[in-house]
Structures are given as structure tokens and as C-alpha cells.
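Worksheet: one structure, shown below.
The values are calculated or read from the model by the stated rules, or taken from the named source; none is laboratory data. Just so we're clear, the structure is a prediction, and the values are computed from it rather than from any experiment. When we count neighbours, we look across all protein chains shown, and the Cβ atoms used for this are built from the backbone with ideal geometry, even at glycine.
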Amino acid sequence: MKHTYVGGLILISALFFAACGKETTKSAPDTTPVSTTTVATDNSAQAGMVLTPGGWRPADKVSKIEQGQHLDVQGGRLRAIDDATGKVAKDFGAIHADAGSLPDYPGNVNSAAPLARKVKPLSSGWIAYTYWSNPVSTPISYFSTTWTVPPAPSTSNGQTIFMFNGLQNSSYILQPVLQWGPSAAGGGNYWAIANWYVDGSSGTAIFSNLVRVSAGTSLTGIMTLTGSSGSSYSYTSAFTGYSSINLSVTNIQKLYWAAESLEVYYPVVCTDYPNTTKTRFSNIQIQLQGGSQSALSWTVANAVTDCGQHATVVTNGTPNGVVDIYY
């Protein structure tokens, strides 16, 4: 019995190192917001949780906004409003409004696995990303990025991959998201896109319809400031050519922190990542209200490097910035 146990340990160790080829590491610059990226752990007590591009959260906190509706904040509550009638279609409850200057993510990502997994050697959460915080009071009015849907992963172990450009404040993130694998919005072993508006680790997450896309498809994710009044701002998140899944939100706090990000959950081996070397985020443009280009200068954060993942700024600035994320 003892020999069988020891032999099993040796076999598991051999499989792990053959798949990964390196130890799990977690490192980030001191200026990076605190990362909560962790190796997935057994936590079956979290049953009833669902996955979002913001980590796991209670299923009753996650909802789809229907076509013909938009999100709006009034009286401190987040609501879905029918575009045609102006009536409240659904009340999502009180908004979360932090007064701090740090962004909501990645510090509030809940990457702990809610279900027991037999094999879980690789890390989850925000893996590699670049970020920039707008240093001036003039709000960001336009943030666009183009990338190509990569090949499918060569292995499938229940992993979920999110790629996006996003805008956030200390409470919420608005993001056009490319997804592989399952999430609260749906999905499976294919690529799909949706727009999301997500609160902190246990807060509200709202998503649009999920639309399937094919490897090789060029995507452009855009967030646009559509209006402002005093300290209230309105935005739309969209993918060019997919207007049916636009997500608009009105009367929220200013979004000031921009990111290009790779976020992954439940990878078991390195081949659970897309079957290519990198994804290039190009034609990056960040404008300020009034039409001027921002003084964009990305900071790189390589939070997880267990498969050699890392972000590289190829071309800084705007309107033709380029960031590569390797995996």
C-alpha cells in the first residue's frame, strides 16, 4: 500500500512538471494594485457561485441585461431601464461606491475555486496585463483596442479564458470581453464575446447576450463616454459590428483606470491556454473629453508566470499603441 502511494506521488509530480516545465510563481511591480491571484483550492462551500470576468460571485448577484435596455443609477440603486418606455425593468439593488483611488480590479478578484478539483496546479485570476490611470480631471471619452481571436487551446480541462480592454473606477469595471469556456453568461469550448459591467468580488455583475465568434476574427472593443453632468457619467461598451450586444450605463462615477488584460480560471496545464504564442492588442487609442489624445504610458504587471505568461508594451502612446500578451 505504501509503495502504491509513493508511486502515485511520483507519477503526479512527473505529470505536473512535464505539463508546466516551471514552478508556479507570482510577481508584480510594487506599484501594481494588490493582486489576489491564487492557486485554485478546494472550496466546495462556495456552491451556488458563478464565474464572471471579475472572479466568482453568488449567482443571485449576476444578471443578463436584455437588448433594448440600459443600466442606470438613480437614488443609489442600479437598475435596468427599458429604452422604449423609460420604465424600470429590474432593480439590481444598492450600488457599491468606494471613495478610494485604487481600481476595483485586480485587487477584488475572487479566484478561489468553488468546486473541488482533482488536479489544479496553475494559478487563476488576472494573469498578465498593462494598466494606466488617467492623471488629469478631464475624463476619458474613448478607449478602443483591436485584437484577433486566437486559436482554441489544444487541451480542455474546464478552463475559462477572458481577454479584454477595460475601464474602471474604485467600484466597477466596464469591459468588452472575449471568452473561451464557461461563465455566468454561458459559453463552452468555443470563443464568444459579451459586454460586462462588474462590481467587486461579491457584488453585482451584469452582462449582455453572448455571441459566438471564430478563431481569426478581428475584434475591436470600444468604451465611449456618451454624456456627463456634474459627477455623473454615462458610457457604452461595445464590439464594432456587434451592436446587438452593446451595454450602456448612465449616471455612474467617472471611469479613469484603463487596462489590457488576460484573465484565466481553472487552467490545469499550459496547453489550456490558446494554441499560439501571444495575442497582440493593437490600434490602442485613448482620447479625453474634447478630442485630445491622452498621455498614455502603460505599466506592465506580470502577476502569474507559471507558463511564461507576460505582457510587453511594443508601442506606447495613442492612437496606435500596441501591447503583446504572451502565454
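Things to note:
- Scanning the stretch 194-231 for residues that are surrounded by fewer than 14 Cβ atoms within 10 Å (Cβ to Cβ) and among the small types (G, A, S) yields S214, G216, S218, G227, S229, G230, S231.
- Residue within the stretch 119-130 that is surrounded by 15 or more Cβ atoms within 10 Å (Cβ to Cβ) and either modelled with pLDDT under 90 or acidic (D, E) (or both) present: yes
- Qualifying residue in the stretch 206-224 (condition: over 21 Å from Q285 (Cα atoms), modelled with pLDDT under 95 and either outside any strand (DSSP E or B) or in contact with an Asp or Glu (Cβ under 8 Å, 6 or more places away or on another chain) (or both)): no
- Filtered by the rule that a residue be surrounded by fewer than 22 Cβ atoms within 10 Å (Cβ to Cβ) and closer than 28 Å to L225 by Cα, the stretch 169-185 gives N169, S170, S171.
- Odd one out for S248, checked against (1) assigned to a strand (DSSP E or B); (2) over 24 Å from T138 (Cβ atoms); (3) not basic (K, R): (2)
- In summary, G241 fulfils each of the numbered conditions (1) surrounded by fewer than 19 Cβ atoms within 10 Å (Cβ to Cβ); (2) in contact (Cβ under 8 Å) with a residue 40 or more places away in the chain; (3) not in a strand (DSSP E or B) with the single exception of condition (2).
- Any hit, the stretch 211-225, residues being in contact with a strand residue (DSSP E or B) (Cβ under 8 Å, 6 or more places away or on another chain), touching a residue at least 24 places away in the same chain (Cβ under 8 Å) and among the charged types (D, E, K, R): no
- Residues of the stretch 303-324 that turn out to be surrounded by fewer than 16 Cβ atoms within 10 Å (Cβ to Cβ), in a loop (DSSP other than H, G, I, E, B) and touching an Asp or Glu at 6+ places or on another chain (Cβ under 9 Å), as a count: 0
- Filter result (under 18 Å from S261 (Cα atoms) and at pLDDT 95 or above) within the stretch 183-204: S183, W191, A192, I193, A194, N195, W196, Y197, V198
- Whichever residue in the stretch 259-302 is among the small types (G, A, S) and buried (at least 22 other Cβ atoms within 10 Å of the Cβ) and, among such residues, is nearest to W180 (Cα to Cα): S261
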